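I have placed the structure first, in the form of structure tokens, so that the comments after it can refer back to it.
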Amino acid sequence: MNSSCTTTTTTMSPRSEAMQKGREKLKTVPLYLEEDIRPEMKEDIYDPSYQDEEGPLPKLEYVWRNIILMSLLHLGALYGLVLVPSSKFYTLLWAYIYYVVSIMGIGAGAHRLWSHRTYKARLPLRLFLIIANTMAFQNDVYEWSRDHRAHHKFTETHADPHNSRRGFFFSHVGWLLVRKHPAVKEKGGKLDMSDLKAEKLVMFQRRYYKPSVLLLCFILPTLVPWYCWGETFLHSLCVPTFLRYTLTLNATWLVNSAAHLYGYRPYDKNIDPRENPLVSMGSLGEGFHNYHHAFPYDYSASEYRWYINFSTFFIDCMAALGLAYDRKKVSKAAVLARIKRTGDGSHKSS
């Protein structure tokens, strides 16, 4: 890619034109659809009134530090993949556990608890999830939630941080390698984030994020296998650290890319997000994306609770222990009404 290149005015494809017509229809629909089960949270509800300004995209500004670091990380992960067969069993088990816990910090933590407020958690669970989220190293909870709320409210527009209409690569990782579109900064800066600003644990993580990430994402997963069961330093660095971290990143990125481009839309054919079970397998439950964008206030992020959805199983287990409560779940009647009104006909009840 050449940083001196300029972008040209984009033209709408037939697919984009169809989506635009769908957006126009949605303007006649009440903003809060079917039922309002979470009155305290509105900033993640899709706003169909927002439209991109016409004209050329601003010139791309590459963040070369991110490009270089991301390239080195993926090279380290590839070497880690080569080392997997010669790794000790406990090293592989440690990497897998670290992967699952990291994903929980994103899915059950930053996503469902803090971004969407789909359930409530007591202090021990919030503490676990904030640590798990730091292990995942995908921006602190406050910044992740702000970007994610903007993604829902202004989805598939330039105010969406990882707008999938700019292509698979951009929505997958490219958005992290360039400066944010001005619309992302403008609209994201206007979102009401007072709930997270008032949460001391979230603000504590934000204040000490860099040293915490260094310890929990890189130092700890490397030192444990090396020190505790005599794994080589190279194996410890490349498998449970570089490879595990890279897989965690790409599993969650696929929700932004593949789950917006490939799959069915049984709940709302007028929006891009899709149902993608393969993405759900890697992200432990975040691939039922058409449902999630239709009902962002459902704690399960899926109609089917535990089906390919370990995050929901985890939250339900925490609820059984009294650590999670007030889980929001959309009624079956509301789901069926949405399927009948806006679905693409692929749902089994259609």
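Among Tyr79, Tyr99, Tyr227, whose mean-square fluctuation peaks in a Gaussian network model of the chain (Cα, cutoff 10 Å)?
Of Tyr79, Tyr99, Tyr227, the most mobile in the Gaussian network model is Tyr227.
For Gly287, what charge total do you get from the other residues with a beta carbon under 15 Å from its beta carbon, if Lys and Arg give +1 and Asp and Glu give -1?
Within the 15 Å Cβ shell, the charges total -1.
What is the stretch 260-339 by shape, rounded, prolate or oblate, if you read a ≥ b ≥ c off the alpha carbon gyration tensor as root eigenvalues and call it rounded for a/c under 1.5, prolate for a/b larger than b/c, and oblate otherwise?
Oblate is the answer for the stretch 260-339, as a/c is 1.5 or above yet b/c matches or exceeds a/b.
If the only charges are +1 at each Lys and Arg Cβ and -1 at each Asp and Glu Cβ, what is the size of the charge dipole of the chain around the Cα centre, to the nearest 20 debye?
Computed charge dipole of the chain: roughly 260 debye.
Please work out the C-alpha center-to-center distance from the stretch 160-222 to the stretch 232-252 and express it in whole Å.
Between the Cα centres of the stretch 160-222 and the stretch 232-252 lies a distance of 21 Å.
Only Cα pairs under 8 Å and at least 6 apart count here; give the relative contact order of the stretch 43-192 as a rounded whole percent.
31 percent
Could you identify which residue out of Cys317, Cys217, Cys238 has the top mean-square fluctuation in a GNM of the chain using Cα springs shorter than 10 Å?
Looking only at Cys317, Cys217, Cys238, the biggest GNM fluctuation is shown by Cys317.
Can you give the Rg/Rh ratio of the chain, where Rg is from the C-alpha atoms and Rh is the Kirkwood radius?
That ratio is 0.97, to two decimals.
Are there trypsin sites (Lys or Arg not before Pro) in the stretch 255-350 that DSSP marks as loop and that have at most 10 other Cβ atoms within 10 Å, and which are they?
Lys348
For Lys269, enumerate residues with amide H under 5 Å from its amide H, sequence gap 5+ or separate chain, H modeled in the peptide plane.
Hits under the 5 Å cutoff: Gly343, Asp344.
Which lysines have a Cα lying under 20 Å from the Cα of Lys328, excluding residues fewer than 8 positions away in the same chain?
Cα-Cα hits under 20 Å: Lys42, Lys120, Lys153.
Taking the chain as the reference, fit the longest principal axis to its C-alpha atoms, fit the long axis of helix 244-256 to the helix C-alpha atoms, and give the angle between the two in degrees, 0 to 90, nearest 10.
0 degrees
On a 0 to 90 degree scale, rounded to 10, what angle separates helix 332-342 from the longest Cα axis of the chain?
60 degrees
What do you get for Rg/Rh over the stretch 167-289 if you use C-alpha atoms and the Kirkwood form of Rh?
For the stretch 167-289, the value is 1.06.
Taking springs between alpha-carbon atoms closer than 10 angstrom, which of Asn256, Asn290, Asn139 fluctuates most in the Gaussian network model of the chain?
In this elastic network of the chain, the residue with the biggest mean-square fluctuation among Asn256, Asn290, Asn139 is Asn139.
Structure shown: which of Lys190/Lys332; Lys88/Lys200; Lys180/Lys210; Lys210/Lys332 lie over 32 Å apart, alpha-carbon to alpha-carbon?
Lys190/Lys332; Lys88/Lys200; Lys210/Lys332
Please list, in chain and number order, the residues 5+ apart from Tyr264 or on another chain whose amide H is under 5 Å from its amide H, with Hs placed from the backbone.
Residues meeting the amide H criterion: Glu275.
Where a number appears in this text, it was derived from the coordinates with a stated rule and is not lab data. Here the structure is a predicted model, which means the values were calculated and not measured. Cβ coordinates were reconstructed from backbone atoms using ideal geometry, including for glycine residues, and neighbour counts include every protein chain displayed.
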